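Peer 1: Sharing a structure, written as structure tokens. Questions coming.
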Amino acid sequence: MHGCSNVVWVPEETRFPWVGLLTLAGAIFVSVTSEFLPTGLLPDMARDLDVSLSTAGLLVTVFAGTVVVATTPLAAITRNMSRKALVVVVLLVIALANVLAAIAPSYELLVGARILGGLAHGLFWAVVAAYSAHLVPPHQLGRAVAITSGGGSAAFVLGVPVGTALGHTLGWRAAFLIIGGIVVVLALVVIKFLPAVRHQVPLRTGEIPIPARRDRSLPGVIIVCIVILLVLTAHNTFYTYIAPWLVSEAGFPADSVAFLLFLFGGAGAVGLVIAGFTTDRFPKRGFAIAVLSLMAAITVLAALTSNQAVVTVAFVVWGVTFGGIPAMLQTRMLHTASFRLRDLAAALQTTAFNVGIGGGALLGAVILDGTSLSALPIAALVLFGVGLALSIATDALRVARARRSLS
């Protein structure tokens, strides 16, 4: 008999799954580091492969384009596979792609290795973006997403700079090999520590499966994707060209840009922590406040370029406010999508993020060709404003509809 015991047993499933979420964060860390590793090594790669710098830069474009095109179809094909097994498989494919990149004897074969990596990376995000929602109850989603998103922030603050340093010291091929080995280690960590989840809704007797296009949450999912697209396009329209803007418009010396970008990355990590504490309690107001604060920071950047101290502070505020926004949007997506639509929603979300990243860079280039660097923050502000207005209007319509249904 255990009636005399004063110890209260807490079921495993009610505890916050720190180990599983930190394992996901580690997997995201190596995947994002692998994605952006070429950015710091492009001159070395171009020189070694005897191609121009712009041609080497296409390795990043090809990777992102592959993610955009392939993520949703691959997610649909693999929808019945175990989520945990799929995470392990795609990590091993990412590791293989890095090894193939390291030993590629020509630029063309290196492009092939990057395409393989892009296929795996897109599917990886389609699975991982929804995984935390299977591990925690809805009221802990914001906290869980912030923890897993920390892996992406750490990749920019630590992973890519360290990978770049390794590439400069040992050669770019050695950097790809080392990252490939680390990805294999993380795959083994996933096998050991990541809890398996049930991601499919069992049908009741006589129930007919509903096609995704008839799921009631699909319109909301599409609207969140549009908000993601607008916000990421706005950010990358300006941020892609922030280095030349800081030098030409704000007058910073070129050798100070790296430190400013480091400040921005660190500020983003702070913003992610803040989002983890606030998103679950204030999902709508938190997002609106973050975007409005970001827009205020960019307005200050554009209006007071002659004061470098003010520009630095505004740049850090931009980093803090934007740092939590992707996690907020991911949390909103998981709350919006029905259980059965989560994996498709995660795939669409991954596509929207990557279209926004690439589209913002392209829009910024078009604006630069037509005007000047000073027009970039204005374009970013307009797009941020449209994205925020759509988000607020959608929330207001949802509240009004809910009130009508109760009356």
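Peer 1: Fewest first, what order do Val185, Val320 take by the number of other Cβ atoms within 10 Å?
Peer 2: Listing Val185, Val320 from fewest to most nearby Cβ atoms yields Val185, Val320.
Peer 1: Please state the shape class of the chain: rounded when a/c is under 1.5, otherwise prolate if a/b exceeds b/c and oblate if not, all from the C-alpha gyration tensor. Before the final figure, lay out each step's value.
Peer 2: Working: a/c = 1.63, a/b = 1.21, b/c = 1.34.
Verdict is oblate for the chain.
Peer 1: Given a cut-off of 25 Å, what percent of all Cα-Cα pairs of the stretch 255-372 lie beyond it?
Peer 2: Tail of the P(r) past 25 Å holds 34 percent of the pairs.
Peer 1: Can you give me the long-range amide H partners of Val136? Hydrogens built in the peptide plane at 1.01 Å from N, cutoff under 5 Å, separation of 5 or more residues or another chain.
Peer 2: Amide H neighbours of Val136, under 5 Å, 5+ apart: none.
Peer 1: Now a separate question. Just how large is the dipole of the stretch 214-399 about the Cα centre, in debye to the nearest 20, putting +1 at every Lys and Arg Cβ and -1 at every Asp and Glu Cβ?
Peer 2: For the stretch 214-399, the charge dipole is close to 780 debye.
Peer 1: Output the peptides 281-288, 157-164 sorted from most to least packed, where packing is the average of other Cβ atoms within 10 Å over each peptide's residues.
Peer 2: For the peptides 281-288, 157-164, the packing ranking is 157-164, 281-288.
Peer 1: When ranked by the protection proxy of mean other Cβ atoms within 10 Å per residue, highest first, what sequence do the peptides 262-268, 273-279, 74-80 form?
Peer 2: On the way: 262-268: 17.9, 273-279: 19.7, 74-80: 15.7.
Ranking the peptides 262-268, 273-279, 74-80 by packing returns 273-279, 262-268, 74-80.
Peer 1: Continuing with the same structure: Report the Cα-based extents of the stretch 15-199 along its three principal axes, largest first, to the nearest Å.
Peer 2: Cα extents, longest axis first: 53, 33, 25 Å.
Peer 1: Can you tell which of Gly171, Leu21, Gly112 lies farthest toward the positive end of the dipole of the stretch 15-199, using +1 and -1 charges on the Cβ of basic and acidic side chains (Lys, Arg; Asp, Glu)?
Peer 2: Among Gly171, Leu21, Gly112, the one farthest towards the positive end of the dipole of the stretch 15-199 is Leu21.
Peer 1: Could you run the Karplus curve 6.51 cos²θ - 1.76 cosθ + 1.60 with θ = phi - 60° over the stretch 250-265 and give me ³J(HN,Hα) per residue in whole Hz, x for Gly and Pro?
Peer 2: Couplings: 9, x, 6, x, 4, 6, 9, 5, 4, 5, 5, 5, 5, 4, 4, x Hz.
No lab work stands behind these numbers, since they all come straight from the coordinates. Computed from a predicted model, the values in this text were never measured in an experiment. Note that each Cβ is placed from the backbone with ideal geometry, even for glycine, and that neighbours are counted across all protein chains shown.
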